[in-house]
Every structure is written in C-alpha cells, then in structure tokens.
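The values are calculated or read from the model by the stated rules, or taken from the named source; none is laboratory data. A quick note: this is a predicted structure, and the numbers were derived from the prediction, not measured. In this analysis, Cβ positions are derived from the backbone assuming ideal geometry, glycine residues included, and neighbour counts consider all displayed protein chains. Calculation scope for accessible area: heavy atoms of the full protein, side chains included, ligands and nucleic acids excluded. Shrake-Rupley method; radii C 1.70, N 1.55, O 1.52, S 1.80 Å.
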Amino acid sequence: MPADPSGRPRRRAVCPGSFDPVTCGHLDIIERASAIYDEVVVGVLINKNKSGLFTVAERIEQLAEATAHLPNVVIDSFGGLLVDYCRRHDIPVAVKGLRAVSDFDYELQMAQMNHGLAEVETLFMATNPLYSFLSSSLVKEVATYGGDVSKLVPAGVYRRLTERLAQTRVD
Ligand code: PNS
C-alpha cells in the first residue's frame, strides 16, 4: 500500500461503473467514499460489447467536471476484470451503492467473486433514499421522451445529455 509523506499508509478505493452517464446517485456515493478514503479512483468500464450514449472519454470528462470539488478523487477507465485493475493499482477495496434489495443479489455475487479471485473487498453503501429509484438507463429513457431529469444528473451532464439527444432524436 503506498504511503503518504508521514509514512501512514494511504487508504484507496475504487468506485467502478459504466457511468453512461454519471447520475446524482453515483455522485453521492463518490462524495461519501471520498470522505472515508484518502484517494478514490472512479473507474469507468470500457465495454467493447456495448456502445453507450456517451463514449468513455466523454464519461471521463463528465465525471472529472462533476467531481472537481473533490481533490482526492481521480477518474480513470479500465477494461477486463475489476480485480486485475485493482491488483495493478494496488487498490484493496471497491465501493458500491446499494439502491434496494433488488441490487443485492447480483452485487453480492460480484463481491464474493472479486474476493475469491483477488481478495478485493467490497464496501456497500446504502444509496441516499432521494436517489434510490435512479439509474443511468432510466435517466436516458425519461430524457429521450422529454421528461425532466435536470435534478437527477449533474448540471454539465444535463446539458450534454440534452444536446446528445437532440442530435439523435428521430420523432
Ligand atoms: O454501472 P454498472 O454497469 O452497474 O457497473 C458494473 C461494473 C462495471 C461494476 C461491473 O460490471 C464490473 O466490475 N465489470 C468489470 C468486469 C468484471 O470484473 N467482471 C466480473 C465481476 S465479478
């Protein structure tokens, strides 16, 4: 584990996800993780089998803007297994938000797999109830049909989402 100048080990965690786009629910988890860990790496998954509304580079830009007030948060991307990324960067913990019991089954499987593969721990954070219904997919769907998502995503994301959907709209 890397040390800070005083020799104390720096506690690091990764917040992994697709972030297509980042929502206020994601941001809430990132902010709370940044209050616990010395450094939080937001890891954007590069998924070659799934093209998103935003490219990985665009998502990174949106995340960097939305977390600019958090000096201990860095944004990165990764392909392949999360545990391999954690091993390469010496990150022992993944922080995940749990919105509801329905999230738990799959998250538990992934947490157990990641621990079994490389002893990467998972810290589950209860999502702020304000955002427990929120997902990137739902934001995109509602925005596509003209619903107001301005309170559900960071301001910069809202602007880019509106622009992108206007370009792709086929009424
Ligand atoms: O925002 P998402 O799409 O729900 O995030 C899912 C993510 C990226 C956290 C998960 O799919 C993941 O960790 N993918 C990396 C590939 C991997 O490690 N798969 C095995 C998981 S046990």
Quiz item: Any residue in the range 14-30 that is of a type outside the set (Phe, Trp, Tyr), closer than 18 Å to VAL157 by Cβ and open to solvent by 30 Å² or more (accessible area, probe 1.4 Å)?
Solution: yes
Just one listed residue, out of HIS115, HIS69, is free of Cβ contacts under 8 Å to residues at least 60 places away in the same chain, of a type outside the set (Phe, Trp, Tyr) and away from the ligand (no atom under 13 Å from the Cβ), and it is HIS69
Of all helices (runs of 4 or more DSSP H) fully inside the range 58-170, the set with 1 or more residues that are in contact with a strand residue (DSSP E or B) (Cβ under 7 Å, 6 or more places away or on another chain) and under 30 Å from ARG10 (Cα atoms) is 82-89, 101-118
Given the conditions (1) surrounded by 15 or more Cβ atoms within 10 Å (Cβ to Cβ); (2) within 14 Å of the chain's Cα centre (by Cα), every one holds for CYS86 apart from (2)
For this session: State whether one or more residues within the range 51-63 are open to solvent by less than 20 Å² (accessible area, probe 1.4 Å) and farther than 22 Å from PHE133 by Cβ.
Result: no
Note: among ARG10, ARG32, just one is more than 13 Å from the ligand (Cβ to nearest atom), modelled with pLDDT under 95 and either basic (Lys, Arg) or at negative phi (or both), namely ARG10
Counting only residues in the range 141-170 that are surrounded by fewer than 10 Cβ atoms within 10 Å (Cβ to Cβ) and farther than 24 Å from ALA64 by Cβ, the one modelled with the lowest pLDDT is identified as VAL170
When restricted to LEU98, LEU82, LEU45, the only residue in contact with a helix residue (DSSP H, G or I) (Cβ under 7 Å, 6 or more places away or on another chain) and closer than 24 Å to LEU138 by Cα is LEU98
Expected output for the range 30-54 (first residue closer than 10 Å to ASN72 by Cβ, partner open to solvent by 70 Å² or more (accessible area, probe 1.4 Å) and assigned to a loop (DSSP other than H, G, I, E, B), Cβ below 6 Å, 6+ apart or cross-chain) is TYR37/ARG11; ASP38/ARG11
